[in-house]
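Chemist: One structure is given below, represented as structure tokens, and several questions about it will come after.
The values are calculated or read from the model by the stated rules, or taken from the named source; none is laboratory data. As the structure is a computational prediction, the values presented were derived from the model and not from experiment. Here the Cβ is made from the backbone with ideal geometry for all residues, glycine too, and neighbour counts use every protein chain on show.
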Amino acid sequence: MKNITIVADSNIASLDEFFNGATLGQTSEHSVNIVTVAGRDINAQLLADLQPDVLLIRSVTPVGAALLADNESVQFVGSATIGTDHVDQDYLTARNITFANAAGCSKHSVAQYVLTAILTLRPPYWQQSITLGIIGLGNIGSTLAYYANDLGWQVLGYDPLLPASNINNASLEQVLSKSDVVSLHVPLTDKKSTDNKRADAKGASDSNDYPTRHLINAKTLAMMPAQTMLINSARGPVIHANDLEADIARTERQVVLDVFEHEPQVSEHLLSKLAIATPHIAGYTVEGKLRGTQIIYDALCETLAVTPAQSMQALLPLNTFLWTELKTHPERLVTFYDIQQDDAALRSKAVDGQVRGADFDKLRRDYRLRREWQR
Ligand SMILES: NC(=O)c1ccc[n+]([C@@H]2O[C@H](COP(=O)([O-])OP(=O)(O)OC[C@H]3O[C@@H](n4cnc5c(N)ncnc54)[C@H](O)[C@@H]3O)[C@@H](O)[C@H]2O)c1
Ligand SMILES: O=C(O)[C@H](O)[C@H](O)COP(=O)(O)O
């Protein structure tokens, strides 16, 4: 095997522990050279200079023709994230470049973030049978439904791409109009052009038949009663930000945002209208981030045909936070994760009408990772 050069986003957890000569099956004559860079600084010039074989990213590096058209070296792209809207997968397939993302890596972290937000804003909900609306019932949405079920809450769920089930049990309008809280867990997708769709000619529905960009807009917001809480920890552009501001002005709705339409910039005016606002950290736990690295490491090992030699279990510090315990002592929730601290940190960065992108990114880069509750 030859020397391997890896360019990696420095915000990926435990890079050196997972990607070194010993863990990638290299002999003593062959090395692994890993260059870490801020995700937003990974560009075509850097790839031209370094000629990497492997590119490891998170969500802030757009990957497609603009990055790779002049590059012949990259053979594997791994994104240590669930979301893939920053990656042109059709382009990678056409170029015969292997792609892997970390599906499901932070599903418990995000579901736990959502529960924390709800119970921080409405503590009596611990004891009440409320109706939780979930839009998108994949890894995160179904995990959230599991916790809701454990608390004795009703779930109204909408996912047109999955078969009906005990949680996929409602129309979009029903979820929006009948829930006490609506939480969004869809990928960011756009309608595919008719030409591209014809070329695919699969016949079956896919996510492009149900695009999510601006799924929540003036029309869908009008379906929601004023007292219904709205939470977005999916992707910012799933909500039309101007329509949301108009809705809050009219309804005084409690809205929780972890993601923003114009991220990493956030308007101070919007911020001032939100019940809780956090800098895209819903998935930022020790477990969520390590699992992200583990999944792309395993995928790279498969591509290189080597047996994985590193495991996140060996790197995880002890965790004593148990869901069963928390469930019977709800007052411990806030001492466990004080979401309002994250909210205050973001608000403190607002200057001259906005949080600047660099400050938003810095909050994320310096974030003290939380722990997941153990089930
Ligand atoms: N804030 C964070 O830190 C954070 C962390 C992880 C993931 N995310 C975001 O959360 C999203 C969801 O994650 P996941 O792991 O559940 O993904 P997933 O792919 O497992 O599930 C997404 C579900 O959404 C459904 N869906 C697609 N279009 C829909 C539509 N128009 N209406 C309703 N449902 C629709 C799909 O059928 C799928 O079941 C990711 O794509 C990512 O953008 C955010
Ligand atoms: O899609 C995901 O996995 C999350 O949104 C993830 O937390 C994004 O974080 P980033 O890649 O920007 O560090």
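Chemist: Could you list, ordered by first residue, the pairs with Cβ atoms under 7 Å in which the first is in segment 1-16 and over 12 Å from residue 53 (Cβ atoms) and the second is assigned to a loop (DSSP other than H, G, I, E, B) and of a type in the set (A, V, I, L, M, F, W, C), at least 6 apart or interchain?
Modeler: Cβ pairs passing all conditions: 9/42; 10/38; 12/80; 14/315.
Chemist: For the condition surrounded by 22 or more Cβ atoms within 10 Å (Cβ to Cβ), touching a residue at least 24 places away in the same chain (Cβ under 8 Å) and away from ligand 1 (no atom under 15 Å from the Cβ), what is the one hit in 121, 56, 47? Quick ask: steps written out before the conclusion?
Modeler: Details: 121 fails: surrounded by 22 or more Cβ atoms within 10 Å (Cβ to Cβ); 47 fails: surrounded by 22 or more Cβ atoms within 10 Å (Cβ to Cβ).
When all the criteria are applied, what remains is 56.
Chemist: On to the next question. Restricting to segment 139-161, name every residue that is assigned to a helix (DSSP H, G or I) and acidic (Asp, Glu).
Modeler: Applying the first criterion (assigned to a helix (DSSP H, G or I)) to segment 139-161 yields 139-150.
Result: 150, single match.
Chemist: So, one more: Residue check: is residue 83 within 13 Å of ligand 2 (Cβ to nearest atom), over 24 Å from residue 9 (Cβ atoms), in contact with a Pro (Cβ under 9 Å, 6 or more places away or on another chain) and not aliphatic (A, V, I, L, M)?
Modeler: no
Chemist: What are the residues in segment 133-159 that are under 18 Å from residue 375 (Cβ atoms) and more than 18 Å from the chain's Cα centre (by Cα), if any? Give the derivation first.
Modeler: Taking segment 133-159 and keeping what is under 18 Å from residue 375 (Cβ atoms), we get 139-153, 155.
Matches in segment 133-159: 146, 147, 148, 149, 150, 151, 152, 153, 155.
Chemist: Within segment 285-305, is there a residue that is over 24 Å from residue 58 (Cα atoms) and either within 16 Å of ligand 1 (Cβ to nearest atom) or buried (at least 20 other Cβ atoms within 10 Å of the Cβ) (or both)?
Modeler: no
Residues checked against (1) farther than 28 Å from residue 104 by Cβ; (2) over 23 Å from the mean Cα position of the chain (by Cα); (3) among the aliphatic types (A, V, I, L, M):
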| residue | (1), (2), (3) |
| --- | --- |
| 208 | no, no, no |
| 238 | no, no, yes |
| 255 | no, no, yes |
| 270 | yes, no, yes |
| 280 | no, no, no |
| 287 | no, no, no |
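Chemist: Here are some residues: 234, 249. Which one is assigned to a helix (DSSP H, G or I), modelled with pLDDT of 95 or more and outside the structural domain of residue 96 (by TED's automatic domain parsing)?
Modeler: Values: 234 fails: assigned to a helix (DSSP H, G or I).
Just a single option satisfies the conditions, and that option is 249.
Chemist: In this structure, is residue 291 farther than 30 Å from residue 32 by Cα and among the charged types (D, E, K, R)?
Modeler: Values: farther than 30 Å from residue 32 by Cα: no; among the charged types (D, E, K, R): yes.
So residue 291 does not fit the description; no.
Chemist: Residues of segment 101-117 being out of contact with any Gly (no Cβ under 6 Å at 6 or more places or on another chain) and polar (S, T, N, Q), which ones?
Modeler: Looking only at segment 101-117, we keep the residues that are out of contact with any Gly (no Cβ under 6 Å at 6 or more places or on another chain), and these are 101, 103-104, 107-108, 111-117.
The answer is 101, 112, 116.
Chemist: If you scan segment 68-103, which residues turn out to be among the β-branched types (Val, Ile, Thr), in a strand (DSSP E or B) and within 16 Å of ligand 1 (Cβ to nearest atom)? Full working, then the answer.
Modeler: Here is the first cut: in segment 68-103, the residues among the β-branched types (Val, Ile, Thr) are 74, 77, 81-82, 84, 87, 93, 97-98.
In the following step, the residues that additionally are in a strand (DSSP E or B) were identified as 77, 87, 98.
Matches in segment 68-103: 87 only.
Chemist: Now, a different point. Please go through segment 96-105 and pick out each residue that is more than 16 Å from ligand 2 (Cβ to nearest atom) and either at positive phi or surrounded by fewer than 16 Cβ atoms within 10 Å (Cβ to Cβ) (or both). Write out each step before concluding.
Modeler: Filtering segment 96-105 down to residues more than 16 Å from ligand 2 (Cβ to nearest atom) leaves 96-98.
Selection gives 96 alone.
Chemist: OK, next. What residue, among those in segment 247-256 that are touching a helix residue (DSSP H, G or I) at 6+ places or on another chain (Cβ under 7 Å) and free of Cβ contacts under 8 Å to residues at least 60 places away in the same chain, is farthest from residue 118 (Cα to Cα)? Walk me through how you get there before you give the answer.
Modeler: Our first condition is that a residue be touching a helix residue (DSSP H, G or I) at 6+ places or on another chain (Cβ under 7 Å); within segment 247-256, this holds for 247-248, 253-256.
Pick out the ones that are also free of Cβ contacts under 8 Å to residues at least 60 places away in the same chain and you get 247-248, 253, 255.
Values: 247: 20, 248: 18, 253: 13, 255: 10 Å.
The qualifying residue farthest from residue 118 (Cα to Cα) is 247.
Chemist: Also, I was wondering about something else. What about residue 77, is it without any contact (Cβ under 8 Å) to a residue 24 or more places away in the chain, within 16 Å of ligand 2 (Cβ to nearest atom), of a type outside the set (Phe, Trp, Tyr) and in contact with a Ser or Thr (Cβ under 8 Å, 6 or more places away or on another chain)? Quick ask: steps written out before the conclusion?
Modeler: On the way: without any contact (Cβ under 8 Å) to a residue 24 or more places away in the chain: yes; within 16 Å of ligand 2 (Cβ to nearest atom): yes; of a type outside the set (Phe, Trp, Tyr): yes; in contact with a Ser or Thr (Cβ under 8 Å, 6 or more places away or on another chain): yes.
Judged against the criteria, residue 77 is a match.
Chemist: Tell me which of these residue 213 doesn't satisfy, since it passes every other one: (1) of a type in the set (Lys, Arg); (2) within 15 Å of ligand 1 (Cβ to nearest atom); (3) modelled with pLDDT under 95.
Modeler: (3)
Chemist: With respect to residue 279, determine if the residue is touching a His at 6+ places or on another chain (Cβ under 9 Å), in a loop (DSSP other than H, G, I, E, B) and modelled with pLDDT of 95 or more.
Modeler: Numbers: touching a His at 6+ places or on another chain (Cβ under 9 Å): no; in a loop (DSSP other than H, G, I, E, B): yes; modelled with pLDDT of 95 or more: yes.
No; evaluated as a whole, the condition is false for this residue.
Chemist: Quick one: is residue 114 within 16 Å of ligand 2 (Cβ to nearest atom) and either assigned to a loop (DSSP other than H, G, I, E, B) or more than 14 Å from residue 228 (Cβ to Cβ) (or both)? Step through it out loud before you land on a result.
Modeler: On the way: within 16 Å of ligand 2 (Cβ to nearest atom): yes; either assigned to a loop (DSSP other than H, G, I, E, B) or more than 14 Å from residue 228 (Cβ to Cβ) (or both): yes.
In short, yes.
Chemist: Can you find, within segment 206-260, the residue that is farthest from ligand 2 (Cβ to nearest atom) among those that are among the acidic types (Asp, Glu) and more than 29 Å from residue 163 (Cα to Cα)? Before the answer, list the steps.
Modeler: Kept after step one, since they are among the acidic types (Asp, Glu), are these residues of segment 206-260: 206, 209, 243, 245, 247, 252, 258.
Filter again for more than 29 Å from residue 163 (Cα to Cα), leaving 243, 245, 247, 252.
On the way: 243: 22, 245: 23, 247: 24, 252: 28 Å.
Taking the candidates together, the pick is 252.
Chemist: Considering only segment 337-347, I want to know if a residue exists there that is touching a strand residue (DSSP E or B) at 6+ places or on another chain (Cβ under 9 Å), more than 26 Å from residue 141 (Cβ to Cβ) and at pLDDT 95 or above. Show your work before the answer.
Modeler: The initial filter retains those residues of segment 337-347 that are touching a strand residue (DSSP E or B) at 6+ places or on another chain (Cβ under 9 Å), namely 337, 339-340, 342-343, 346-347.
Within this subset, residues satisfying the condition of being more than 26 Å from residue 141 (Cβ to Cβ) are 347.
Narrowing further to those that are at pLDDT 95 or above: 347.
Within segment 337-347, one or more residues are touching a strand residue (DSSP E or B) at 6+ places or on another chain (Cβ under 9 Å), more than 26 Å from residue 141 (Cβ to Cβ) and at pLDDT 95 or above.
Chemist: Starting from segment 150-171, take each residue that is over 22 Å from residue 189 (Cβ atoms) and list its partners that are within 16 Å of ligand 2 (Cβ to nearest atom) and assigned to a helix (DSSP H, G or I), counting only C-beta distances under 8 angstrom and pairs at least six apart or across chains.
Modeler: Here the result reads none, with nothing in segment 150-171 linked to a residue that is within 16 Å of ligand 2 (Cβ to nearest atom) and assigned to a helix (DSSP H, G or I).
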